[in-house]
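Report on the following structure.
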Amino acid sequence: MRTCLLLVLRNQESQLPSALKRLRPLNLPILAVDDGSQPMEASRLNDTASQHNIELIRLVRRSGQGTATKVGLDEAQRLGYTHALQCDVDIEFNADELAALLKESELHPDTLFYLSTDGTRLKIPLFVSIVARIAALHRPFLQMRTGLRLYPTALANQLLSCCTCSSGRGFSNEFTVRWYWRNLPTVGYPLHIEREVPPLRFDLGKAAAISARLMLGMVLRLPFLVRRYWVNREKEGERA
């Protein structure tokens, strides 16, 4: 199992050095995708990438976090990485908790791990998480949020080759629902967030488009989702 750290950046070079310092204990090779930074920021990012031996991919125009993540996942697989830990540089995670997550993924290599919280700290409107929960008939998705994913690269790229996901910030949540629809394992992993820089804005139009796609997909898959819902309920009852 070979895991890389996948960073998607846009005009965030000033935040990158502190993020690298926090993540250095993981001792992971780093793949960064620059999603159309301004020329000055891009130049500084080149310098930082050279200093820290970062594999840097530059998108000339801003394409959105989702598109940049897709590019990163494709490149990660091409470079021979079996997994990609994608996390936002503007969120401060605890390195020890991330290391525990990596160990957990070694035991479950085909599992998509997503960041899970109690629902009080969400980067996107709560209704998107509600839609995700409804679209998958999966209650834990109410605690799903953006900011971190641990992707099995081959399975992720296989899924992306045959489905449409958001090009923006809603990509990770929509992708997680589609992963669940494929009957692939998903696990919400709670992590302590020490500090977070809130996003400047969220595109409600794109959120509505994501919600519409997920609700339509849910209707088409309803028999399968209902069966899986009751299987999950039975497993929860056995554990209780």
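The values are calculated or read from the model by the stated rules, or taken from the named source; none is laboratory data. Being a predicted model, the structure only gives us computed values, none of them experimental. Note: ideal-geometry Cβ built from the backbone for every residue, glycine included; neighbour counts use all protein chains shown. Areas reflect the complete protein model, heavy atoms only, side chains present, ligands, DNA and RNA absent. Shrake-Rupley method; radii C 1.70, N 1.55, O 1.52, S 1.80 Å.
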> Conditions: (1) touching an Asp or Glu at 6+ places or on another chain (Cβ under 6 Å); (2) over 23 Å from HIS192 (Cβ atoms); (3) open to solvent by less than 10 Å² (accessible area, probe 1.4 Å); (4) at pLDDT below 90. ALA136 meets all but one. Number of the miss?
Replying inline: (1)
> How many residues are of a type in the set (D, E, K, R), surrounded by 13 or more Cβ atoms within 10 Å (Cβ to Cβ) and assigned to a helix (DSSP H, G or I) when one looks only at region 25-54?
Replying inline: 2
> So which residues in region 71-96 are touching a Lys or Arg at 6+ places or on another chain (Cβ under 7 Å), open to solvent by 20 Å² or more (accessible area, probe 1.4 Å) and under 15 Å from PRO152 (Cβ atoms)?
Replying inline: GLY80, TYR81, THR82
> Looking at THR117, is it open to solvent by less than 50 Å² (accessible area, probe 1.4 Å), within 19 Å of ARG213 (Cβ to Cβ) and at pLDDT below 95?
Replying inline: no
> So which of GLN15, GLN65 ends up being open to solvent by 20 Å² or more (accessible area, probe 1.4 Å), under 15 Å from LEU148 (Cα atoms) and modelled with pLDDT under 90?
Replying inline: GLN65
>> Can you pull out every residue in region 34-49 that is out of contact with any Ser or Thr (no Cβ under 7 Å at 6 or more places or on another chain) and either in contact (Cβ under 8 Å) with a residue 40 or more places away in the chain or not β-branched (Val, Ile, Thr) (or both)?
In response: ASP34, SER37, GLN38, PRO39, MET40, GLU41, ALA42, SER43, ARG44, ASN46, ASP47, ALA49
> Scanning region 64-94 for residues that are hydrophobic (A, V, I, L, M, F, W, C) and part of a loop (DSSP other than H, G, I, E, B), which turns out farthest from ASP110 (Cα to Cα)?
Replying inline: VAL89
> Of all residues in region 186-214, which are exposed (fewer than 15 other Cβ atoms within 10 Å of the Cβ) and modelled with pLDDT of 80 or more?
Replying inline: PRO190, HIS192
> If the Cβ limit is 7 Å and pairs must be 6+ apart or interchain, which residue in region 223-240 that is modelled with pLDDT under 75 pairs with which residue that is surrounded by 11 or more Cβ atoms within 10 Å (Cβ to Cβ)?
Replying inline: none
